[in-house]
Amino acid sequence: FMASPRLSADGERFRAGFYTQDEWRPTGAPRWAVLPSARLDVDSWFGTHPTGRLALRYDPGPVVALRASGGSGFRAPTFKEMFLRFENAGVGYLVEGNPDLHPETAWNASAGAELSAKNGMHAGADLFYNHLDDMITIGLVAASTPEAPAGEYGYVNVSSARTMGGEARLGWRWRGGLDVDLGYSYTETEDLDLGRALDGRSPHRGTFAVTGRPAAWGLTATARGEIVGPATFFLDEDGTGSEAPVVTATYANLKLRVEKSLWKRRLRVFVGVDNLLDSGDALYVHLDPRLIYGG
């Protein structure tokens, strides 16, 4: 049950989920693992929906693992997506819930490999494909209104969509207390009804994390973040019904944190900054502004 002045109406809803999974290792083939699973979602608003998944793992050697999986998915819209009204008056945009949303269903498949070397290096790569019906996403309802000069957004269903791509990971763990992790993902999206990319989804995303732990100083210093490539939005800015593409610029979101242990590790003092470069804007890239904290 939820009641709030930010809701268009009070509401009550019952949801339950039942899940089971088994791990089976065939006799005489210890390098194989088979994991079938099933889930049953019961929702007082959207009915009962069964889903299933099958995952396989094969270890051809002590440092290599191969994986593959496929299955179906179901996600009912949340209270927030249906009813909650969020207004950021300082920035000037509005996000309005949509009570007419439908549940999201999906079919997906993936395959990947992992490598773990004795020298502290680890690497991985994955390929994936998802087909979604009634996908729930945020869309720009109006580029500008008197109430929301930076844009009015709302939750909408995309009748049919697909996403496909891959990601790669590479990392090192040095004995001197230095960890480095790098990642890159490419995602191709398509709204199958409109024959174009999904609104606001960047194909390219890189991630990084560097953590140092110099034992003599009792410090832990971390730098982590992401670099996100251009994304395309389709906007009807002049009210004519014709949506023109708007491409955003690449941006980086960087976070830094330093922590020191004192008094035989009984006390920790830390300071950090999120979004160091103060990336983001009011209309397209919704990131919290630069935040400095400590404790």
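The values are calculated or read from the model by the stated rules, or taken from the named source; none is laboratory data. None of the values given here were measured: they were computed from a predicted structure. All Cβ positions, even for glycine, are placed from backbone atoms using ideal geometry, and neighbour counts span all protein chains on display. Note: areas computed on protein heavy atoms with side chains; ligands, DNA, RNA excluded. Shrake-Rupley method; radii C 1.70, N 1.55, O 1.52, S 1.80 Å.
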Among residues belonging to segment 160-184 that are small (Gly, Ala, Ser) and closer than 30 Å to residue 244 by Cβ, point out the one that is least open to solvent (accessible area, probe 1.4 Å).
161
Looking at segment 241-295, which of its residues are among the polar types (S, T, N, Q), in contact (Cβ under 8 Å) with a residue 12 or more places away in the chain and not in a strand (DSSP E or B)?
248, 250, 275, 279
Of the numbered conditions (1) among the hydrophobic types (A, V, I, L, M, F, W, C); (2) touching a Pro at 6+ places or on another chain (Cβ under 8 Å); (3) exposed (fewer than 11 other Cβ atoms within 10 Å of the Cβ), residue 18 fails exactly one; give the number of that condition.
(2)
Only one of 126, 100, 133 that is part of a loop (DSSP other than H, G, I, E, B) and either on the phi < 0 side of the Ramachandran plot or of a type outside the set (D, E, K, R) (or both)
100
Of the residues in segment 65-80 that are of a type outside the set (Gly, Ala, Ser) and open to solvent by less than 50 Å² (accessible area, probe 1.4 Å), the one that is modelled with the highest pLDDT is 74
Top-ranked residue of segment 244-285 - restricted to ones that are closer than 17 Å to residue 223 by Cα and among the acidic types (Asp, Glu), ranked as most open to solvent (accessible area, probe 1.4 Å):
278
Picked from segment 12-61 (must be within 28 Å of residue 132 (Cα to Cα) and outside any strand (DSSP E or B)), the residue modelled with the highest pLDDT is 22
Close pairs (9 angstrom Cβ cut-off, 6 or more residues apart or separate chains): closer than 30 Å to residue 160 by Cα in segment 104-118, open to solvent by less than 60 Å² (accessible area, probe 1.4 Å) and in a loop (DSSP other than H, G, I, E, B) anywhere:
104/76; 104/77
Modelled with pLDDT under 85 and acidic (Asp, Glu): which single residue out of 167, 152 fits that description?
152
Run down 187, 207, 211 and say which single residue is open to solvent by 60 Å² or more (accessible area, probe 1.4 Å) and at pLDDT 95 or above.
207
